[in-house]
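Let me begin by presenting the structure, written as structure tokens, before commenting on it.
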Amino acid sequence: MNAMPDARSPASPASPASLSPQQRQAIESAVFRRLVAHLRIRNDVQNIDLMNLSGFCRNCLSKWFCEAAEKKGTTLDYEAVRNDIYDMPYSEWKKHYQK
């Protein structure tokens with residue numbers, strides 16, 4: 001005798017390949033925002049440490065953001081993007097947190 005599926009059982013996990021382009025973009029955007037929020041909180045993590053361990057830092061994220069905008073036909077001010085990533089002017093961040 002076959003058991004009826006439990007209505008409370010979660011659906012099987014999907015693979016990234018099964019996402020629509022819109023779903024994938026929304027998830028990637030949320031991940032990016034979480035990464036930036038995490039880096040804003042972790043002011044103790046120096047850019048040089050990020051570069052040595054991962055090959056990118058907050059400044060790289062800023063440059064990638066500008067490059068992605070450029071590919072979509074929009075030119076962004078690098079310093080404004082960097083201020084957004086750091087959540088303050090870069091010179092202020094350096095004064096307070098860079099060792």
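Applying the set (1) at pLDDT 95 or above; (2) surrounded by 10 or more Cβ atoms within 10 Å (Cβ to Cβ) to L19 leaves exactly one unmet item: (1).
Please determine whether any residue of region 70-77 is hydroxyl-bearing (S, T, Y) and at pLDDT 95 or above. Within region 70-77, one or more residues are hydroxyl-bearing (S, T, Y) and at pLDDT 95 or above.
Residues to consider are L53, L76, L39; find the one that is without any contact (Cβ under 8 Å) to a residue 12 or more places away in the chain and either outside any loop (DSSP other than H, G, I, E, B) or under 17 Å from the mean Cα position of the chain (by Cα) (or both). Every option except L53 fails the conditions.
All of S62, S29 fail the test of being surrounded by 14 or more Cβ atoms within 10 Å (Cβ to Cβ), assigned to a helix (DSSP H, G or I), among the hydroxyl-bearing types (S, T, Y) and modelled with pLDDT of 95 or more, apart from S62.
The values are calculated or read from the model by the stated rules, or taken from the named source; none is laboratory data. This structure is a prediction, so every number in the text was calculated from the model and none was measured. Backbone-built Cβ (ideal geometry, glycine too); neighbour counts: all protein chains shown.
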